[in-house]
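Report on the structure given below.
The values are calculated or read from the model by the stated rules, or taken from the named source; none is laboratory data. Model, not experiment: these values are computed from the prediction. Cβ coordinates were reconstructed from backbone atoms using ideal geometry, including for glycine residues, and neighbour counts include every protein chain displayed.
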């Protein structure tokens, strides 16, 4: 088990949701995720960008079958804020590299990113925890990326 990695997972059934230019007011995250929860839309990876002259953009994933429902809910939620743009990208795949043994082992992230670089795979977004690195990548690169990670970490 190289670098303490025991699992590499791939999820092709996602869509990436971008809430761009949300209002700079308290509660935007709750407005977003509360309305989705009320609409029974399951959310996975959540990222928030730094503010660049507007509110902090939110990026997250939903199941592909929920993407239009998510768009409807968020369009309604932010209708009083016309500067807010809801975009959805169904052309990404989520790859996750995980293992309880990876915590405290320098170089795990570098190895993951080197595998993808060697395979000429562009990373769209990255999210990490102590035991997992999740990446969103273009669907066209998914087979190559998944194989590169399996080979790189010697997972059968």
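Looking across segment 31-47, the residues that are under 18 Å from residue 21 (Cβ atoms) and out of contact with any helix residue (DSSP H, G or I) (no Cβ under 8 Å at 6 or more places or on another chain) come down to 33, 47. The test for being closer than 30 Å to residue 39 by Cα and in a strand (DSSP E or B) holds for residue 87. Evaluation of residue 119 against the conditions (1) surrounded by fewer than 16 Cβ atoms within 10 Å (Cβ to Cβ); (2) outside the structural domain of residue 19 (by TED's automatic domain parsing) shows that the sole unmet condition is (1). Scanning segment 39-57 for residues that are surrounded by 15 or more Cβ atoms within 10 Å (Cβ to Cβ) and modelled with pLDDT of 95 or more gives 39, 41, 43. The combined condition, being closer than 21 Å to residue 13 by Cβ, in a strand (DSSP E or B) and without any contact (Cβ under 8 Å) to a residue 40 or more places away in the chain, is not fulfilled by residue 59. Return the total of residues in segment 11-34 being in a strand (DSSP E or B) and loosely packed, with under 14 Cβ neighbours inside 10 Å. Here the count works out to 0. Criterion applied to 126, 73, 133 was being in contact with a helix residue (DSSP H, G or I) (Cβ under 6 Å, 6 or more places away or on another chain) and assigned to a strand (DSSP E or B), and the one residue passing it is 133. Taking the condition of being surrounded by fewer than 20 Cβ atoms within 10 Å (Cβ to Cβ) and touching a residue at least 60 places away in the same chain (Cβ under 8 Å), how many residues in segment 93-110 meet it? So the answer is 7.
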